[in-house]
Amino acid sequence: MKKELYENSKTYTIEEINSIVGGILNKVEENIKINRIASPVDADENTLALAFEERFIESLPHTKAKVALVPLGVSLDNISTIEVERPKLAMMKILHLFYVPPDAHTGIHPSAIVHPDAKLGNDVSIGPNVVIGRGAVIGDNTKVLANVYIGKFAEVKKNCLLYPGVYVGDCIEIGNNVIIHNGASIGADGYSFVTETPSNVETAKKEGKVGDDATQQKIYKVPSLGAVTIADDVEIGANAAIDRGTIENTYIGKGTKIDNLVQIGHNCIVGENCLIISQAGVSGSVKLGDRVVLAGQAGIVDHLEIGSDSIIMAKSGVTKNLPDKSIVMGTPAIPRKEFVKQIKNVKELDVVLKEIKKFKKDFDSIRESLNIENVEV
Amino acid sequence: MKKELYENSKTYTIEEINSIVGGILNKVEENIKINRIASPVDADENTLALAFEERFIESLPHTKAKVALVPLGVSLDNISTIEVERPKLAMMKILHLFYVPPDAHTGIHPSAIVHPDAKLGNDVSIGPNVVIGRGAVIGDNTKVLANVYIGKFAEVKKNCLLYPGVYVGDCIEIGNNVIIHNGASIGADGYSFVTETPSNVETAKKEGKVGDDATQQKIYKVPSLGAVTIADDVEIGANAAIDRGTIENTYIGKGTKIDNLVQIGHNCIVGENCLIISQAGVSGSVKLGDRVVLAGQAGIVDHLEIGSDSIIMAKSGVTKNLPDKSIVMGTPAIPRKEFVKQIKNVKELDVVLKEIKKFKKDFDSIRESLNIENVEV
Amino acid sequence: MKKELYENSKTYTIEEINSIVGGILNKVEENIKINRIASPVDADENTLALAFEERFIESLPHTKAKVALVPLGVSLDNISTIEVERPKLAMMKILHLFYVPPDAHTGIHPSAIVHPDAKLGNDVSIGPNVVIGRGAVIGDNTKVLANVYIGKFAEVKKNCLLYPGVYVGDCIEIGNNVIIHNGASIGADGYSFVTETPSNVETAKKEGKVGDDATQQKIYKVPSLGAVTIADDVEIGANAAIDRGTIENTYIGKGTKIDNLVQIGHNCIVGENCLIISQAGVSGSVKLGDRVVLAGQAGIVDHLEIGSDSIIMAKSGVTKNLPDKSIVMGTPAIPRKEFVKQIKNVKELDVVLKEIKKFKKDFDSIRESLNIENVEV
């Protein structure tokens, strides 16, 4: 852990920290100053020790820290504590105190290439090698780090943070307070193609098999004329990809958080406050409600609608529309409870199949002993 | 939808549009001019309303548009229509009329770093911060957008479009009319390693378990001396990765379309007109025939051969060679029909397992009532 | 295959090559000079023909090559051979002889933007458009290719090779001999969020269903204060993503090889010499032992511990801690042997379910023939 991770961080009294997290302060010592946060093992005397889980609480007698953040009800004799009801929420608040953002000087770096028709707001930071296209608009206080590309007529509103190497295509609309991480692609062309006559996939969908006349025919690109709209407070992970729409804009709702390496296909409408976790994929023209959770490596077939407050568990493959508050699992995805039962049933099969064999043998014996030769009705 | 998405687009008469799509024009009004394409709800009087699906056709009475593109056989009284047999094909043709490409001025941007030994064709566009290595060749009319890297002796032929941040490694060969999207990596090293003595995986493959002497041994990198060849008319999605071969070139056949975040391992030979959809992965040394469809998040184990016209359904994991025209599903992937039957059988288990229990009880009762104590043969 | 792939490569005698691989040399001709390596079909008279597999050995009579690298025990009359016990190991050694690295001139390219407080070692190569932040340290002989971004106080030690477009965040620590490929993101923020009151996922985990009061509540970002530490000899693939830790550093152990498009979540501790293959995903706070193999598209749920020498097979989803030397498969992942048995049992179901039906019929017949009306005990 480099000390530079905390450079410029201020020092806080435990009273200040307690008032920020709204906890219960049990002091065993006065004048404790905090300038860092760590696990009990890595703490020194100016560190707030985080001890939410049993194993960390147990290690508190051995910490050098003089104060620990603990769950409600944990009481200790020889170390001051701040008890909180929702430890992760308290931790979040404290981490924000010490967080050091990336360097981003206000102004335009001399190596940046900003089109004369672009409009930059107040206090923007445009980093080295950034390219900003014709008619693009960058809002107040937005920070655009090195090597970012912003296409023509794109708009990035206020207080955004674009990490190095982000790609923002032509006419993309990005709201306020949006964070986009390294290398994410916003607004590549949708994956949409068409052939003169039905393709293998079209035939297979209709007839259940690939046709006998599967021929080499040219695949034409359906161009993307739509863009992408990203609402306020969205965060998008590293190397994620959100494609532009065919005619309308692909849409990401307010507050939605998208993890690294996620794919959002063209024409998707994603609701508010969704969580789309790493390597999940949403095919084209899918509509997600609000607060949908799409766990890691899950996928959704194109053109589906997923109801609000649904949870798609990790690695699931959704092949049907889902009502609100669905919890699904597996491929094709089914309700979690059914999936769990199926897993159990399949596991039992090993015993059951043996029983059935034994049983048949018994049955045949009975039949024999009864001299029943032909039992067909 | 920003109006700039249509900047510079021309205006067309409906007769012109009809002649382009080869449809049946039913006019209820003269002199209609079209400068945009949209769904019926978003249309204005100069918009061609797209109404392929029932719900859009039903919304036509309320559109402001004066003409709609409809499937063959849809007839309407108070709006002109262009009926077409294959709506997506017609839409593709019309979208090309209005499509506005990214800005790419002919010439070399002053910030681009082009090696003096590189050879540039006529009318190329080399964007800001592009780096082109020693001996690289860029064909006529090819557009290389900002921040692209092209390694030494690489060749990109005519009429290609490389979006920002594409990486093209040393000696890569890219054909004509190829489109590569943001951040795609063409020609990173293959993932290939070797140890002095058999590794855990080698032992496990032979003996079914990890050996007792699993030891910490150095992993040596097998360097990649091959490159990548990409044939004409290929499209490659954002943040996709196609690795270079070990000795020969990894090969992507003519007309193949690769979506975002796809992985193509070293030494793969991909046929013509394949569709490889988002987040699918092809391990090293796989051979795909022509027109193979690899749906989203599917994967193929290394060294396999997949026959032409096969369809690997979404999320499937292929572990065996497949003959032509296979349609497979699941992990390990099996023929789609079998997979569907298995899913059905597993679902039935819940009832069947209960029946079997009941049945055993009945059976025991009979046995008891018959005073058969030992039925073993 | 471009001849430039071998530019500057030296020519070797077969005696020199044999001494490097430690094989058995059977000469049928003197003075053979080798300047290339290829399959028998593509070889010319100065090529070492690789013939490890049967089909290549069979093609040797038709090769133009004068010497072939063959497995121990293969003997041939009319071509010289070098027999080796472990062909891939020998191939690796020979490939290193001919490998031509990317151009990377010693010194700082004039277009690079290196912060005056950065410290560069001896013989470093800093390529075009590279950005190096405040206080960053680059070790001796390290090559940083075009468009790489290195954040403030990051350290990249000796003999590293960073391919174009790599992102190295603030305070990241990278060891010696590390290779990172195009567009990989090292040190984006961890995906970590919290709400004021329990979220849908928290409720679902506790109660098995989404609560009735699922409400739109603000999602707060938990900032990442940790960085990433990458030990010596690690290799990281193109467009992979390794997130920074929340409080401590995410850690990648010595010798571990990470493939393209892999996700390593925040706070993970990855052991030594692990192999993490393309598109695999490791959720936050996972601990992998040493020599763990995570095959393609596999995933691990957050906070798990995976024992050393475990093999997670392709596409598996691990949901539980695993002891050392586990070999698991499926989602949820189970021991490979069980998985294979389950697959077999499910396949058998089709026949068994029919048998059970027939059986019930027979049973009913017997019952009838015995005039047993009510067998309930």
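The values are calculated or read from the model by the stated rules, or taken from the named source; none is laboratory data. Just so you know, these numbers come straight off a predicted model, no measurement behind them. Note that we place each Cβ from the backbone using ideal geometry, even for glycine, and neighbour counts take in every protein chain shown. Calculation scope for accessible area: heavy atoms of the full protein, side chains included, ligands and nucleic acids excluded. Shrake-Rupley method; radii C 1.70, N 1.55, O 1.52, S 1.80 Å.
Of all lysines in the structure, the ones whose alpha carbon falls short of 17 Å from that of residue B:221, not counting any fewer than 8 places away in one chain, are C:88, C:93, C:254, C:257.
Site pair residue C:213 and residue C:24 shows an inter-label distance of 8.0 nm when each label is modelled 7 Å from Cα along Cα→Cβ. Near residue B:101, once Lys and Arg are set to +1 and Asp and Glu to -1 for all other residues with Cβ below 15 Å from its Cβ, the sum equals -1. Working from Cα pairs under 8 Å separated by at least six residues, relative contact order for chain B is 6 percent.
Based on the Cβ-Cβ distance of residue B:3 and residue C:344, what FRET efficiency does E = 1/(1 + (r/R0)^6) give at R0 = 60 Å, to the nearest 0.05?
Details: r = 61 Å, r/R0 = 1.02.
The calculated FRET efficiency here is 0.45.
Cross-link partners for residue A:287 among the aspartates and glutamates, with Cα-Cα distance under 12 Å and sequence neighbours closer than 8 places in the same chain left out: A:272, A:302, A:305.
Got the relative contact order for the range B:153-206 handy, in percent, Cα pairs under 8 Å and 6 or more residues apart? Can you show the working numbers first?
On the way: 73 pairs, mean separation 17.7, N = 54.
Relative CO of the range B:153-206 lands at 33 percent.
Carbon-plus-sulfur accessible fraction, the range C:113-334 (probe radius 1.4 Å, protein heavy atoms only): 51%.
What is the antiparallel percent of DSSP beta bridges lying wholly in the protein assembly as shown, to the nearest 5?
10
Compute the relative contact order of the range C:113-334 as a whole-number percentage, counting only Cα pairs closer than 8 Å that sit 6 or more residues apart in sequence. Walk me through the intermediate numbers first.
Values: 765 pairs, mean separation 22.7, N = 222.
For the range C:113-334, the relative contact order is 10 percent.
Taking a sphere under 12 Å around the Cβ of residue A:86 and counting the other residues whose Cβ falls inside, with K and R at +1 and D and E at -1, yields a net charge of -2.
Please report how far the C-alpha centroid of the range B:298-321 lies from that of the range C:56-122, rounded to the nearest whole angstrom. Spelled out, the Cα-based centre of one part sits 30 Å from the other. Computed from the C-beta positions of residue C:365 and residue C:337 and an R0 of 51 Å, the FRET efficiency is 0.80 to the nearest 0.05.
Accessible surface calculations at 1.4 Å, restricted to protein heavy atoms, place chain A at 41 Å² per residue. Per-residue Karplus couplings for the range A:129-144, computed as 6.51 cos²θ - 1.76 cosθ + 1.60 with θ equal to phi - 60°, are listed in order as 6, 5, 10, 10, x, 4, x, 5, 10, 10, x, 4, 6, 6, 10, 10 Hz, Gly and Pro entered as x. Whole-Hz Karplus values for the range A:176-184 come out as 8, 6, 8, 10, 10, 8, 2, x, 5 Hz, taken residue by residue from phi with 6.51 cos²θ - 1.76 cosθ + 1.60 and θ = phi - 60°; glycine and proline positions read x.
Taking a Cβ cut-off of under 13 Å around residue B:194, the surrounding Lys, Arg, Asp and Glu residues balance to a net charge of +3, with basic ones at +1 and acidic ones at -1. Between residue C:77 and residue C:321, residue separation times 0.36 nm minus the direct Cα-Cα distance comes to 82.3 nm. Taking the range A:135-161 and a reference point 7 angstrom along Cα→Cβ of residue A:99, the backbone N atoms nearer than 20 Å belong to A:139-146, A:157-161. Pairs spanning more than 18 Å between alpha-carbon atoms, out of A:33/A:66; B:218/C:315; B:344/C:347; B:358/C:358: B:218/C:315. With the whole protein complex present, residue A:350 retains an accessible surface near 40 Å², based on a 1.4 Å probe.
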